[in-house]
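J.: Handing you a structure now.
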Amino acid sequence: MHRLVIKTASYLLLSSTFTACAAQEWQPAALYPALARLAPGKDTEVFSCEAPPPAVVDIQTVSKYGETAGKLNNSSVVDAEAESEYLADIAPIKAFSKFIVKRADNYVEGSSSADAEADCALTWLDGWAKGGAFLGNINRQGQSVRKWELGTFATTYLKVESASADTAQKARIKKWISDVAYKAKEDFSTRTELKSRRNNHLYWAAWGVLSAGLATGDRKLFDWGVDCYRFALAQIRDDGSLELEMERRKRAASYHMFALAPLIMIAEAGEVNGLGLYAEKGHRLQKLIDLNIAALDNLNVIGDKAGYKQEDLYNESNLAWMEPYYARFHDERVLKWMTKYRPMASTRLGGDLTQLYSPAVASEGSVVKQRD
């Protein structure tokens with residue numbers, strides 16, 4: 001039985017305008033280079049926008065590793081029945097995210113119906129804002145889903161905000177993104193004894209909250225994400241490994257890659273907003289980057305450290321972080337992977353990152369999939 005509860009709610013907004021003081025006082029720099037190059041256009045084709053689906057207010061679902069994950073199998077052995085239930089539960093959420101990200105990607109790329117598609121993405125975000133999506137009864141696994149998708153909502157809004165002059169609509173969306181972000185921040189600021197408050201889950205929460213800060217102009221949310229980033233840097237060992245991700249046994253390599261993606265995006269957000277986050281703690285993040293790049297060629301680099309033969313999951317992992325990383329550092333070690341997988345895409349990091357960071361590069365190959 002699927003335990004995700006979808007309900008439509010009349011979500012009472014506290015104000016028709018976004019009133020957070022921080023949002024009025026701080027104007028963050030544009031995260032994605034392509035957004036600074038957006039040029040006005042005029043649609044040449046009609047795009048018919050479907051009505052947004054009912055808001056997913058409550059998220060009551062299971063881990064794909066089963067209810068006892070972490071106690072019996074260290075979250076390294078997938079429970080087939082639990083995974084099937086989880087995927088069915090989150091299907092409405094993933095469908096929503098995929099739809100709005102595609103609309104926003106087409107807007108940035110300047111499709112023949114770009115303006116209409118941007119308006120559609122905003123209409124869908126507004127529909128979930130009015131319905132109070134993700135602000136209901138959320139269990140522990142639901143908290144994970146909430147923080148992952150927060151990045152999707154915030155970065156989609158960042159990409160299409162300039163397409164609308166409807167200040168009331170944008171205020172509702174920003175208020176909702178802010179509310180979801182503060183819930184996610186609260187989730188990962190409590191029960192700090194849990195590993196999920198110290199491993200890759202925290203890093204993804206940090207990215208989601210920080211990206212919400214960029215979308216809403218809330219420096220408090222941004223700073224919380226940066227603080228979590230610095231906590232993550234302190235966890236990177238001299239050999240580039242993360243102790244808690246090594247505990248994933250045969251999936252240690254995959255989880256090291258998964259943990260890196262949000263940290264790269266936070267570092268990028270810091271760089272464009274005057275913080276040299278790549279250089280902090282003696283360029284500590286580079287150690288994790290180097291380990292992951294080495295493991296792409298030889299899984300034993302991490303397997304020998306973990307004590308388990310590693311599953312080759314990289315084709316399903318998120319390598320989209322390579323686009324902003326390469327755009328900044330031109331590290332030739334990642335070029336062959338970028339060539340193989342372009343366009344590099346991740347709904348949680350902003351959609352088509354090849355377009356956002358390398359708009360002049362022709363997209364070839366298959367899309368790198370976001371592993372959930």
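J.: Please list the non-local residues whose amide H lies under 5 Å from the amide H of Gly217, H modeled 1.01 Å from N, same-chain partners needing a gap of 5 or more.
T.: Those qualifying (amide H under 5 Å, at least 5 residues apart or on another chain) number zero.
J.: Quick one: ranking Glu332, Glu149 by accessible area, 1.4 Å probe, largest first, what do you get?
T.: Numbers: Glu332 140, Glu149 5 Å².
Highest to lowest solvent-accessible surface, that is Glu332, Glu149.
J.: Starting at the first residue of region 37-50, write each ³J(HN,Hα) from the Karplus equation 6.51 cos²θ - 1.76 cosθ + 1.60 with θ = phi - 60°, in whole Hz, x for Gly and Pro.
T.: Whole-Hz 3J(HN,Hα) from phi for region 37-50: 10, 5, 10, x, x, 9, 4, 10, 10, 8, 10, 9, 8, 6.
J.: Carbon and sulfur atoms: what percent of the 1.4 Å accessible area of the chain do they account for?
T.: 50 percent
J.: Taking H placed 1.01 Å from N in the peptide plane, check which residues at least 5 places from Gly351 or on another chain put their amide H under 5 Å from its amide H.
T.: Amide H neighbours of Gly351, under 5 Å, 5+ apart: Ser346.
J.: For the full complex of protein chains and a 1.4 angstrom probe, list His201, His283, His256 by accessible area with the highest value first. List each step's numbers first, then the result.
T.: Numbers: His201 30, His283 105, His256 0 Å².
Descending order: His283, His201, His256.
J.: Students often get this wrong, so check it: of Lys195/Lys220; Lys42/Lys340; Lys64/Lys281; Lys64/Lys305; Lys102/Lys281, which have C-alpha atoms separated by over 31 Å?
T.: Numbers: Lys195/Lys220 24 Å; Lys42/Lys340 34 Å; Lys64/Lys281 35 Å; Lys64/Lys305 25 Å; Lys102/Lys281 37 Å.
Pairs exceeding 31 Å: Lys42/Lys340; Lys64/Lys281; Lys102/Lys281.
J.: Which residue, Ser196, His256, Ile293, has the largest displacement toward the positive end of the dipole of the chain when charges sit on each Cβ (Lys, Arg +1; Asp, Glu -1)?
T.: Ser196
J.: Does region 249-291 come out rounded, prolate or oblate by the C-alpha gyration tensor, with a ≥ b ≥ c the root eigenvalues, rounded set by a/c under 1.5 and, if not, prolate when a/b is larger than b/c and oblate if not?
T.: oblate
J.: Using the Karplus curve 6.51 cos²θ - 1.76 cosθ + 1.60 with θ = phi - 60°, what ³J(HN,Hα) values do you get for each residue of region 118-130, in whole Hz, with x for Gly and Pro?
T.: Result, ordered by residue: 4, 4, 5, 4, 5, 4, 5, 4, 5, x, 6, 5, 5 Hz.
J.: What net charge is computed for the residues neighbouring Lys281, neighbours being all others with C-beta under 10 Å from the C-beta of Lys281, Lys and Arg scored +1, Asp and Glu -1? The partial results should precede the final answer.
T.: Numbers: positive: Arg230, Arg284, Lys287; negative: Glu280.
Counting the neighbours of Lys281, the net charge comes to +2.
J.: Keeping all protein chains in place, calculate the accessible area per residue for the chain (probe 1.4 angstrom), answer in Å². Show your work: numbers first, answer last.
T.: Details: 15370 Å² over 372 residues.
In whole numbers, the chain has 41 Å² accessible per residue.
J.: Which trypsin sites (Lys or Arg not before Pro) from region 100-203 combine a DSSP loop assignment with at most 14 other Cβ atoms within 10 Å?
T.: Numbers: sites: Lys102, Arg103, Lys130, Arg140, Arg146, Lys147, Lys159, Lys170, Arg172, Lys174, Lys175, Lys183, Lys185, Arg191, Lys195, Arg197, Arg198; in loops: Arg191, Arg198.
Of the trypsin sites (Lys or Arg not before Pro), the ones in loops of region 100-203 whose Cβ has at most 14 other Cβ atoms within 10 Å are Arg191.
J.: Can I ask one more? Which residues in region 246-264 place their backbone N less than 16 Å from a point set 7 Å from the Cα of Lys309 along the Cα-to-Cβ direction?
T.: Residues 249-253 qualify, since their backbone N sits under 16 Å from the label point.
J.: Per residue of the chain, what 222 nm ellipticity follows from adding -39500 (n - 2.57) for every DSSP H run with n ≥ 4, rounded to the nearest 500?
T.: On the way: 14 runs with 199 residues, N = 372.
Calculated at 222 nm, the ellipticity per residue is -17500 deg cm²/dmol.
The values are calculated or read from the model by the stated rules, or taken from the named source; none is laboratory data. Just so it is clear, the structure is predicted and the values come from calculations on it, not from any experiment. Counting neighbours? That spans all protein chains shown, and the Cβs are built from the backbone with ideal geometry, glycine included. Ligands, DNA and RNA are stripped out before the accessible areas are found, and what is left, the full protein with its side chains, is counted by its heavy atoms. Shrake-Rupley method; radii C 1.70, N 1.55, O 1.52, S 1.80 Å.
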